[in-house]
1. Condition test on VAL173, is it in a strand (DSSP E or B) and open to solvent by less than 50 Å² (accessible area, probe 1.4 Å)?
2. Of the residues that make up region 264-283, is at least one crowded, with 23+ Cβ neighbours inside 10 Å, in contact with a helix residue (DSSP H, G or I) (Cβ under 7 Å, 6 or more places away or on another chain) and either among the β-branched types (Val, Ile, Thr) or closer than 23 Å to THR131 by Cβ (or both)?
3. Considering (1) more than 18 Å from the chain's Cα centre (by Cα); (2) open to solvent by less than 30 Å² (accessible area, probe 1.4 Å); (3) aliphatic (A, V, I, L, M), say which one ALA81 fails and leave the rest.
4. Could you list, in sequence order, the residues of region 195-221 that are open to solvent by 10 Å² or more (accessible area, probe 1.4 Å), over 14 Å from GLY141 (Cα atoms) and outside any strand (DSSP E or B)?
5. Any idea which residue in region 62-78 is nearest to ASP226 (Cα to Cα), counting only those that are of a type outside the set (D, E, K, R), outside any strand (DSSP E or B) and under 20 Å from the mean Cα position of the chain (by Cα)?
6. Go through GLY242, GLY224, GLY252 for me and flag whichever is in a loop (DSSP other than H, G, I, E, B) and open to solvent by less than 20 Å² (accessible area, probe 1.4 Å).
7. Sort out which residues of region 177-197 are closer than 29 Å to ALA302 by Cβ and not hydrophobic (A, V, I, L, M, F, W, C), and write them in order of number.
8. Identify, please: which residue in region 118-152 is within 15 Å of THR56 (Cα to Cα) and in contact with a His (Cβ under 8 Å, 6 or more places away or on another chain) and is, among those, most open to solvent (accessible area, probe 1.4 Å)?
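The values are calculated or read from the model by the stated rules, or taken from the named source; none is laboratory data. Model, not experiment: these values are computed from the prediction. Neighbour counts run over all protein chains shown; Cβ positions are idealised from the backbone, glycine included. These area figures cover heavy atoms from the full protein model, side chains too; ligands, DNA and RNA do not enter into them. Shrake-Rupley method; radii C 1.70, N 1.55, O 1.52, S 1.80 Å.
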Amino acid sequence: MAYSTINDPSAYFQTKTYTGTGSSNAITNDGNSDLQPDWIWGKATTQTYNHNVFDTSRGLTKRLTIDQSDAENTDSTTITAVGSDGFTLGTSANLNGSSVNYVAWQWKANGGTTSSNTDGTITSTVQANTTAGFSIITYSGNGSNNATVGHGLGATPKMIITKNRSAAYNWIVYHPTLAATKILVLDMDLAEFTPSGGYYSNVGSSTYQLVQGSSNLTNVNANGNDYVAYCFAEKQGYSKFGNYTGNGSSDGPFVYTGFKTAFVMVKNISSAAPWRIYSQEISNHATPFNDLDETIFPDTNAAATDTSHPFDFTSNGFKVRGSNVDVNTDGDQYIYMAFAAQSLVGTNNVIALAR
């Protein structure tokens, strides 16, 4: 059994769906625990608006867009504040257009409090939550091949998502399933590949290495460029970062996570295919059904799309039902990032149930 010390995952991760008003709009979370978010990833589900990313390390006026390679820009009208259990929106249609439906995925780090980390050869600024295995790190590149940077997790990250804030370069994804020298790009549908602009190596419990690609270091360590990285370590009963092999059948693989699933992001690493996010709150099927019929594509600005129930979310993982190349081509390899709605068994001995 996947016993967990995190009895209530909603203390560290929550999904909130809401309808925009076009005016100041206070959003309150629905979880069992209050959650003051430090990383907010929001997307309109009924319109072709960009994916918006804000965090409390860079500051709430600094916007990045997941589905684009654009540099960071200043935006004071999208998220104006975070509170003890949610956030407040301004007038921007990015996340608050009148009568538009949205989803916001939220992670807790350290309440906006950062510290300097000198574990690596580059000094980073770290906001870490070691209980939940999540840290936000920012650093300035020095252009040195094989430089290292500290992540503050005290455990080896299973996923790192990095963006060059200073220039228009892609979102770079590390996952231990990928072959050596390989990356994925979150804003593109490419299979794993060796980039020209740098990648990660020697990912460990305190630092990881910034390695030059075939020509330069723009992805991870260009001299004088600023970067942000979202780092995740796996926590039993709360988060899982793994892989599965497709079988090409509507009766697809079952993936054991050890918790009642709330969120899964999946990517085919063998073939060019879109990233997909499945989240129980955006499904058209209400409790008690397990199957999910809506997906969000992180690499495009598309609205939520009906995909004919390719995933079942269960009390201890998820079941792949579709045979689409995005989720289940025979023999292709897939990676995933998953978070819990409820631990399978916590210290309170409460057993998770499927929807």
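1. So VAL173 passes the test.
2. Yes, because at least one residue in region 264-283 is crowded, with 23+ Cβ neighbours inside 10 Å, in contact with a helix residue (DSSP H, G or I) (Cβ under 7 Å, 6 or more places away or on another chain) and either among the β-branched types (Val, Ile, Thr) or closer than 23 Å to THR131 by Cβ (or both).
3. (2)
4. SER196, ASN202, VAL203, GLY204, SER205, SER206, GLY213, SER214, SER215 - these are the residues of region 195-221 that are open to solvent by 10 Å² or more (accessible area, probe 1.4 Å), over 14 Å from GLY141 (Cα atoms) and outside any strand (DSSP E or B).
5. Restricting to residues being of a type outside the set (D, E, K, R), outside any strand (DSSP E or B) and under 20 Å from the mean Cα position of the chain (by Cα), the top hit is ALA71.
6. GLY252
7. Scanning region 177-197 gives THR177, LYS182, ASP187, ASP189, GLU192, THR194, PRO195, SER196, GLY197.
8. Applying the filter and picking the extreme gives ALA128.
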